[in-house]
Amino acid sequence: MVDKEYEAEGEQEHISKLAFTAVAAPDPASSGSPKYEVLDLDQYIPKGAPATRKEVLSYYAYYAGNNGIGSFQYSNLLFQNLIYQAGFNPNVLPLGSASCSVDPTAPCHVFWGGGDKTKAYTSVILIATGLTFLAQALVFISVGSLADYGNWNPWVVRGFSILCYAFEFGFLGVKTADKWRAAMALYILSSVTFWASYVFFNAIFPKLSHDLPEVRQAREELLNGTIQEEEYERRCSMARSKIMNISYVWNNVGFTICGALSLGALAGIGANNSVAQNNWGYSVSVAVCTGFWVILAMPWFLWEKKRPGPKLPPGDNYLTFGFRHTWWTAKQAWTLKQTLFYLIAFFLLADGINTTITLIAISQTQVVLFSATQNTYLIMVQGGSAAVGVFGAYYIQRLFKIRTKSMLQATNFGCLLVALWGMIGIWTDKVGYHNLWEFWFFNAQYGFTMGAQFSYGQAFMAELVPRGREYMFFSLLGIVSKGSAWIGPIVCSAIVDRNGNQWTSFPFVAALIFVPWVGIFFISPAKSRKECAEYLRREAADLRRDDKAKMTDVKTSEAES
């Protein structure tokens with residue numbers, strides 16, 4: 001049976017022989033005469049224990065807990081709330097004497113840069129977002145490729161999760177306007193550790209899906225010659241979509257439950273009774289969601305099966321190998337053209353979408369007058385929408401057998417429409433994220449655009465990644481989707497400073513979405529599979545040659561001494 005443990009080395013040896021057996025395939029250039037190819041060993045040999053139902057369910061449970069509502073929703077809202085309360089009208093002297101609440105239509109600044117220098121509070125929020133993404137880039141580069149090697153990759157997720165828990169519980173001590181800088185620091189730290197845990201946990205899904213019983217069965221059928229490679233790849237693609245989409249459905253179910261729990265906590269402490277209680281409500285909400293995550297993470301920490309990567313090459317160490325391997329991959333980037341083009345496209349796309357969400361969040365928080373309760377209602381709508389939207393998208397894909405790439409492009413177009421709607425707000429306050437009903441509508445449709453876009457963006461990336469190198473390449477995706485997404489916030493911050501109108505940033509983010517949406521049409525998963533197979537062969541040859549040279553130098557040095 002396919003779902004039993006692969007205990008005997010004999011089965012591995014059998015598969016290895018099959019993987020290196022010449023397989024006859026018709027060559028159109030030779031009038032049907034067979035052309036012999038060698039199947040990619042790394043692509044078809046099972047690498048870990050078969051996935052059990054209990055393990056898959058625990059994977060979904062972790063995703064439900066690691067939903068981000070505390071890490072980058074409530075923490076960001078608390079930061080925005082406190083910095084607005086600390087803000088003042090820069091046109092009234094002495095500076096700091098007129099709070100922003102006196103005249104909400106006037107500019108709202110905080111002291112920034114020393115002395116009497118000031119900056120728009122919305123600009124500072126965008127800068128914090130940019131710093132968060134930049135810090136993530138350093139984490140992903142240094143840790144990313146290491147997680148593919150050795151036995152310690154499960155501890156990457158555990159380590160970042162525990163750090164995030166500590167930073168998020170730290171928000172319980174931040175609830176007054178004078179602590180907005182502490183709120184900013186905790187927001188950055190909790191966001192960095194949250195996204196690190198999220199990205200590295202997300203990188204597990206291709207390996208988990210490849211170890212599902214139905215995929216192992218398909219692998220056996222391929223190696224026995226009963227199905228063609230195209231059918232095998234279709235089943236793999238559907239398995240990846242299944243794990244990714246159902247995971248994201250549960251992620252948003254957890255998101256909605258956290259919102260409901262937070263709503264109960266807000267009512268219990270009387271968050272609507274005063275500004276002080278509203279501030280405290282945000283801090284409590286972060287803690288409630290963190291506790292929810294801790295509980296749901298435990299099953300995965302207990303039931304995750306070991307899927308060790310290859311041993312670290314001789315002569316390397318864990319402190320330097322991450323940078324070395326990333327540099328080697330960067331030099332080989334042009335040989336993985338489809339993956340490279342997608343990373344470039346996603347660099348722009350994620351920047352545009354993330355910045356669009358930030359701009360809408362700033363406008364939403366202003367319209368609801370920073371109310372924790374109102375924001376929670378909208379967050380719950382967003383979570384419910386994402387669960388329904390993602391599951392609905394997967395159902396449609398499975399029913400009509402639509403390619404993952406086509407589903408991704410449909411959601412990308414929806415995200416473009418969201419940004420274009422914000423552009424209208426430049427010229428009128430009737431529509432364009434100026435009114436409460438627009439934010440209800442935005443959060444209600446979120447799952448069908450930005451929610452499903454995230455899910456299919458990850459699933460499509462899995463079709464462009466060399467097998468066995470998921471952590472490293474999803475780290476690169478994390479860099480371009482989060483770690484490098486500082487351009488949009490920083491540019492939008494400059495646009496806001498220049499024009500004094502936050503809606504003037506929407507044309508820029510719309511362009512960031514439109515350009516990669518067009519570019520993705522030209523990316524081919526079929527070409528990518530060939531490029532990935534060649535990449536793995538070069539990696540084995542080049543890194544092994546470098547390691548042999550390194551060991552030779554060491555022996556020579558020892559002999560001379």
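The values are calculated or read from the model by the stated rules, or taken from the named source; none is laboratory data. Predicted model, so just to flag it, every value in this text is computed and none were measured. Cβ placement follows ideal geometry from the backbone for every residue including glycine, while neighbour counts extend to all protein chains displayed. Ligands, DNA and RNA are excluded from the accessible area calculation, which covers all protein heavy atoms including side chains. Shrake-Rupley method; radii C 1.70, N 1.55, O 1.52, S 1.80 Å.
Structure notes:
- Taken over the stretch 319-560, lysine pairs spaced eight or more positions apart, or on distinct chains, with alpha carbons under 29 Å apart number 21.
- Largest to smallest in accessible area, the residues D429, D211, D497, D178 fall in the order D178, D429, D497, D211 (1.4 Å probe, all protein chains included).
- Altogether, the Stokes-Einstein calculation at 10 °C and 1.306 mPa s, with the Kirkwood radius of the stretch 65-305 over Cα pairs as Rh, returns a diffusion coefficient of 78 µm²/s.
- Surface/4 of the Cα convex hull for the stretch 319-560, nm²: 17.0 nm²
- Qualifying chymotrypsin sites (Phe, Trp or Tyr not before Pro) in the stretch 451-523, DSSP loop, other Cβ atoms within 10 Å at most 13: F521, F522
- Available extension along the chain between R53 and M298 is 86.6 nm, counting 0.36 nm per residue and deducting the alpha carbon span.
- Heavy-atom accessible surface of L131, to the nearest 10 Å², is about 80 Å², with a 1.4 Å probe and all protein chains retained.
- Evaluated over the stretch 65-305, the count of Lys pairs having alpha-carbon atoms less than 30 Å apart is 7 (only pairs 8 or more residues apart or interchain).
- Expressed as a whole percent, the accessible area of the stretch 319-560 that falls on carbon and sulfur atoms is 68 (1.4 Å probe).
- Between K530 and Y395, the modelled label-to-label distance comes to 3.9 nm, taking each label 7 Å out from Cα in the direction of the beta carbon.
- Stretchable slack from F441 to L138, in nm (0.36 nm times residue separation minus alpha-carbon distance): 105.4 nm
- Using the Cβ-Cβ distance between F522 and A182 with R0 set to 51 Å, the FRET efficiency works out to roughly 0.65.
- Label-to-label distance, A166 versus A540, with points set 7 angstrom from Cα along the beta-carbon direction: 4.1 nm.
- If the segment from A511 to F413 were pulled out straight at 0.36 nm per residue, it would be longer than the present Cα-Cα gap by 34.1 nm.
- Spin-label pair Q228-N501: with each label point 7 Å from Cα along the Cα-Cβ axis, the two points sit 5.7 nm from one another.
- A 1.4 Å probe run over the stretch 319-560, with the rest of the protein chains in place, finds 42 Å² accessible per residue.
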